[in-house]
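Student: Here you go, one structure.
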Amino acid sequence: MKFGVLQFPGSNCDQDTAHVLSAVARQPVVMLWHASPSLEGVDAVLIPGGFAYGDYLRTGAIARFSPVMASVCRFAAEGGPVLGICNGFQILCESGLLPGALLRNAGLRYVCRQVHLRVETADSLFTHLLAEGQVLRLPVGHMEGNYFCDEATLTMLERDRRVVFRYCSPAGEVTTASNPNGSLANVAGVLNAGRNVLGMMPHPDRSSEELLGSADGFGIFQSLVQALSAVGRT
């Protein structure tokens with residue numbers, strides 16, 4: 001199998017993501033430049049954190065028009081796995097691959113710290129090796145991480161179990177105090193209807209080795225690798 005990591009002007013977690021895939025998960029990785037429409041035959045696409053196009057206009061709003069994202073949208077429509085982390089989540093929402101939007105944090109301050117997430121569903125390519133109710137410790141680093149959608153969309157997400165992660169306390173309690181950015185219903189990650197596209201604000205790429213203070217995020221990468229292996233993408 002082969003993983004593709006997107007690179008935009010302003011990406012700053014592309015190498016972190018590629019490192020986890022190549023050095024920790026031991027998988028082939030190619031870097032995909034924003035101006036090229038080619039996905040180079042990859043089996044999964046990862047959109048890393050950073051500040052694509054300097055976050056001008058609105059986070060992800062310019063990146064959605066890049067040649068590579070047109071290809072990512074086709075790839076996702078055909079069932080290809082796509083994982084967007086932080087800025088990648090913002091780009092996925094702007095591209096229409098995920099519902100909702102990421103607004104400025106409550107309090108209008110940049111948030112950079114460790115948070116806790118509760119796994120809400122193990123029924124996805126990205127979480128099947130995790131346990132529902134499991135609490136993960138991952139870092140966040142964002143200014144626009146405040147997830148919002150209308151009431152009907154939230155009802156749909158809840159009904160279809162497409163909310164993948166929620167911000168929580170270390171004990172797994174979903175509280176206002178455990179919400180770092182004001183996200184609606186403490187949402188930290190959501191799936192598309194096909195369950196092959198995941199967007200999340202916390203950084204599994206920065207929490208896949210104990211040296212970094214937590215390896216809790218590696219289960220997300222492991223789940224994706226195993227899911228692809230199971231369908232013969234070796």
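Student: Quick check: is even one residue across the stretch 68-83 over 22 Å from Gly232 (Cβ atoms), within 13 Å of the chain's Cα centre (by Cα) and part of a strand (DSSP E or B)?
Tutor: no
Student: Let me ask something else about it. Somewhere in the stretch 134-144, is a residue surrounded by 20 or more Cβ atoms within 10 Å (Cβ to Cβ) and within 22 Å of Ala44 (Cβ to Cβ)?
Tutor: Yes, some residue in the stretch 134-144 is surrounded by 20 or more Cβ atoms within 10 Å (Cβ to Cβ) and within 22 Å of Ala44 (Cβ to Cβ).
Student: Taking the stated definitions as given, is Ala230 without any contact (Cβ under 8 Å) to a residue 12 or more places away in the chain and closer than 22 Å to Val111 by Cα?
Tutor: No; evaluated as a whole, the condition is false for this residue.
Student: While we're on this one: Applying the selection to the stretch 184-227, what residues are of a type in the set (Asp, Glu), farther than 30 Å from Thr155 by Cβ and either surrounded by 24 or more Cβ atoms within 10 Å (Cβ to Cβ) or in contact (Cβ under 8 Å) with a residue 60 or more places away in the chain (or both)?
Tutor: Across the stretch 184-227, the qualifying residues are Asp205, Glu209.
Okay, residues lined up against (1) over 22 Å from Phe8 (Cβ atoms); (2) surrounded by fewer than 19 Cβ atoms within 10 Å (Cβ to Cβ); (3) touching a helix residue (DSSP H, G or I) at 6+ places or on another chain (Cβ under 6 Å):
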site	(1), (2), (3)
Ala70	no, yes, no
Ala77	no, yes, no
Leu108	yes, yes, no
Val115	yes, no, no
Ser124	yes, no, no
Ala131	yes, yes, no
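Student: Next up: Output the number of residues of the stretch 10-57 satisfying the condition of being exposed (fewer than 15 other Cβ atoms within 10 Å of the Cβ) and in contact (Cβ under 8 Å) with a residue 40 or more places away in the chain.
Tutor: 1
Student: Still on this structure, I have one more. Quick check on the stretch 91-113. Is at least one of its residues in contact with a His (Cβ under 6 Å, 6 or more places away or on another chain), small (Gly, Ala, Ser) and modelled with pLDDT of 95 or more?
Tutor: Among the residues of the stretch 91-113, not one is in contact with a His (Cβ under 6 Å, 6 or more places away or on another chain), small (Gly, Ala, Ser) and modelled with pLDDT of 95 or more, which makes the answer no.
Student: So which of Leu228, Leu211, Leu191, Leu125 ends up being in contact with an Asp or Glu (Cβ under 7 Å, 6 or more places away or on another chain) and not charged (D, E, K, R)?
Tutor: Only one candidate qualifies: Leu228.
Student: I'd like to check something: does the stretch 49-57 contain any residue that is part of a loop (DSSP other than H, G, I, E, B), among the charged types (D, E, K, R), under 17 Å from Pro9 (Cα atoms) and modelled with pLDDT under 95?
Tutor: no
Student: With the requirement that a residue be part of a loop (DSSP other than H, G, I, E, B) and among the small types (Gly, Ala, Ser), what does the stretch 5-28 give you?
Tutor: Hits for the stretch 5-28 are Gly10, Ala25.
The values are calculated or read from the model by the stated rules, or taken from the named source; none is laboratory data. Remember, predicted model here, so these are calculated numbers, not experimental data. Reconstructed Cβ throughout: ideal geometry from the backbone, glycine too, with neighbour counts over all protein chains shown.
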